[in-house]
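Notes to accompany the following structure.
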Amino acid sequence: MSSEDIVIIGAGQAGGELAAALRSLGYDGRLTLVGNEASYPYARPPLSKAYLLGKCSAEELLIRAPAMYDQQNINVRMNTAARSIDRKAKTVTLSNGEVLSYSKLVIATGGRPRQLPVRELSGAANVFYVRTRADIDRMRPYFAPGARLAIIGGGFIGLEVASVARQLGLDVTLLESQQRLLARATCPLVSEFFRRIHHEEGVDVRLQTSVQSYLVGQSGNVETLVSDGGEHIRVDIVLVGIGLVPNSELAEAAGLEVENGIVVDECLRTSDPAIYAIGDVARFPDAGNGALRRIESVPNATEQARTVAETLLGRPRPYISLPWFWSDQYDVKLQIVGLSDEHDQVVLRGDLTNGRKFAIYYLRNGVVSAADIVGSPQDFAVARKLVAAAAVVDPVILADTRITPRDLSRMVAAVA
Ligand SMILES: Cc1cc2nc3c(=O)[nH]c(=O)nc-3n(C[C@H](O)[C@H](O)[C@H](O)COP(=O)(O)OP(=O)(O)OC[C@H]3O[C@@H](n4cnc5c(N)ncnc54)[C@H](O)[C@@H]3O)c2cc1C
């Protein structure tokens with residue numbers, strides 16, 4: 001038997017994936033997965049999509065069958081929070097008072113929704129945030145046809161909830177303080193496309209609008225939001241989706257380096273060589289330019305878990321991965337590959353003003369560095385290849401929809 005004793009804090013996407021990966025790679029030492037939720041690890045993406053829509057059950061959210069954890073001798077502690085880490089003694093103290101010792105510790109604590117600065121508004125019974133299954137279970141009974149839903153924040157979660165709400169017949173107003181939707185994630189062309197789609201589906205999208213105050217009724221519920229323009233918006237439910245705060249306090253209290261997430265090296269090791277961090281909470285160096293990044297996505301959590309599993313088993317390898325992400329809204333699937341934040345050219349393939357299918361390629365110094373694809377898995381498959389290969393493609397060819405995705409792929413392969 002291995003003398004290693006691995007403890008994972010956080011039984012979410014990354015923690016669950018890591019536990020399974022360690023066993024499948026042959027780790028036979030003690031393995032404990034500590035999670036403060038009342039569930040085995042489950043997938044969060046369906047929460048704001050099929051689960052809220054009522055088209056997916058709680059069981060279907062589970063990443064792996066519960067029996068797997070017993071079969072693989074993974075000691076899962078549910079409803080249990082890690083309270084502190086003693087790095088000298090190499091122990092973790094749990095909320096039930098138990099003390100676990102470790103030889104290697106992995107922190108996979110994810111994040112929590114950023115709260116509105118208005119404290120009372122956050123505390124009202126009809127104001128919701130979305131991160132956990134329990135959040136959706138609490139919110140779902142309010143999703144009745146005709147109910148007036150105000151969404152604060154035009155990011156992915158706000159837009160996905162707007163899509164579900166419209167499909168369920170709610171009356172939706174979405175307030176975004178910035179000039180455009182999805183401002184952190186994409187370019188203005190794609191933002192404008194999603195504004196159009198939501199408008200077509202009946203969402204009242206208000207850009208450059210924030211909540212200044214609110215009025216609470218006798219029930220204790222928020223009944224009216226007052227915008228910074230002075231408009232009174234009557235509401236039955238409020239959903240706040242204004243970003244994520246990494247759960248890094250445990251690491252910070254243990255003296256690990258923390259700066260908008262737990263800072264790790266290319267092998268996802270923290271400033272303590274016995275402790276690693278993965279998933280939404282980890283801020284890691286970009287393999288290309290070394291800049292520290294935190295990525296909030298399932299592929300990132302999953303691939304970091306697999307990378308760290310190898311490292312823990314004595315085969316250290318740097319985390320090098322091509323970021324990708326998706327979002328489903330109405331009948332529209334958006335797929336993103338690469339990071340578009342440093343582009344100097346945007347190439348449109350298709351028509352943005354009509355229909356629901358197009359591709360946007362981001363170029364940097366002529367190299368394809370990222371792409372946003374809507375409604376075309378074939379284009380996405382090609383885009384992944386182009387970004388992975390750091391391909392140099394003539395923008396005129398990229399934009400030409402007479403050239404099929406397959407031909408585009410062949411042309412690039414020929415010059416690569
Ligand atoms: C509504 C929603 C929709 C999403 N949609 C998409 C999508 O379409 N595509 C995509 O790629 N990504 C999507 N994401 C993001 C994706 O789910 C996350 O990137 C992923 O879950 C990150 O995994 P993680 O393990 O780092 O964090 P989590 O999955 O959040 O897991 C962290 C776990 O640690 C627990 N924890 C925290 N502190 C402690 C403690 N002290 N002790 C014990 N346990 C603790 C948390 O409660 C949680 O259970 C979505 C997220 C949400 C919320």
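The values are calculated or read from the model by the stated rules, or taken from the named source; none is laboratory data. Note that the structure is predicted; figures quoted are calculated from it, not measured. Cβ coordinates were reconstructed from backbone atoms using ideal geometry, including for glycine residues, and neighbour counts include every protein chain displayed.
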Quiz item: Within the bounds of the stretch 113-132, is there any residue that is of a type outside the set (Phe, Trp, Tyr), within 30 Å of Gly355 (Cβ to Cβ) and either within 23 Å of the chain's Cα centre (by Cα) or part of a strand (DSSP E or B) (or both)?
Solution: yes
Practice problem: Consider Phe143 carefully, then state whether it is closer than 16 Å to Pro113 by Cβ and modelled with pLDDT of 95 or more. | Solution: no
Quiz prompt | Cβ pairs under 9 Å, 6+ apart, first in the stretch 132-153 and more than 27 Å from Ser227 (Cβ to Cβ) and of a type outside the set (Lys, Arg), second within 15 Å of the ligand (Cβ to nearest atom) and assigned to a helix (DSSP H, G or I) | solution = Thr132/Leu47; Asp137/Ala58
Quiz item: In the list Gly169, Gly146, Gly154, which residue meets the criterion of being more than 10 Å from the ligand (Cβ to nearest atom), assigned to a loop (DSSP other than H, G, I, E, B) and surrounded by 15 or more Cβ atoms within 10 Å (Cβ to Cβ)?
Solution: Gly154
Quiz item: So, of the residues in the stretch 60-94 that are among the hydroxyl-bearing types (Ser, Thr, Tyr) and within 27 Å of the chain's Cα centre (by Cα), which turns out to be nearest to Asp328 (Cα to Cα)?
Solution: Tyr69
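Can you list the strands (runs of 3 or more DSSP E) lying wholly within the stretch 339-385 that have 1 or more residues being under 24 Å from the mean Cα position of the chain (by Cα) and of a type in the set (Val, Ile, Thr)? Working first, answer last.
Working: elements: 345-350, 358-364, 367-374.
In the stretch 339-385, 358-364, 367-374 are the strands (runs of 3 or more DSSP E) which contain 1 or more residues that are under 24 Å from the mean Cα position of the chain (by Cα) and of a type in the set (Val, Ile, Thr).
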Exercise. Kindly establish whether Asn75 is on the phi < 0 side of the Ramachandran plot, in the same structural domain as Ile278 (by TED's automatic domain parsing) and away from the ligand (no atom under 13 Å from the Cβ).
Key: yes
Quiz prompt | Any helices (runs of 4 or more DSSP H) falling wholly within the stretch 1-95 and containing at least 2 residues that are exposed (fewer than 15 other Cβ atoms within 10 Å of the Cβ) | solution = 58-61, 66-71
Quiz item: Pairs under 6 Å by beta carbon, first residue more than 15 Å from Ile157 (Cα to Cα) and not assigned by TED's automatic domain parsing to the domain that holds Asp280 in the stretch 223-245, partner at pLDDT below 95 and among the aromatic types (Phe, Trp, Tyr), six or more apart or different chains?
Solution: Leu225/Tyr214
Practice problem: Name the residue, out of Ser57, Ser101, Ser48, Ser24, that is within 14 Å of the ligand (Cβ to nearest atom) and either over 19 Å from the mean Cα position of the chain (by Cα) or small (Gly, Ala, Ser) (or both). | Solution: Ser48
Quiz item: How many residues does the stretch 172-200 hold that are among the aliphatic types (A, V, I, L, M) and in a strand (DSSP E or B)?
Solution: 3
Quiz item: Is it the case that the stretch 392-407 has a residue that's surrounded by 16 or more Cβ atoms within 10 Å (Cβ to Cβ), in a helix (DSSP H, G or I) and hydrophobic (A, V, I, L, M, F, W, C)?
Solution: yes
Practice problem: Scan the stretch 343-357 residue by residue and report those that are modelled with pLDDT under 95 and of a type in the set (A, V, I, L, M, F, W, C). | Solution: Leu352
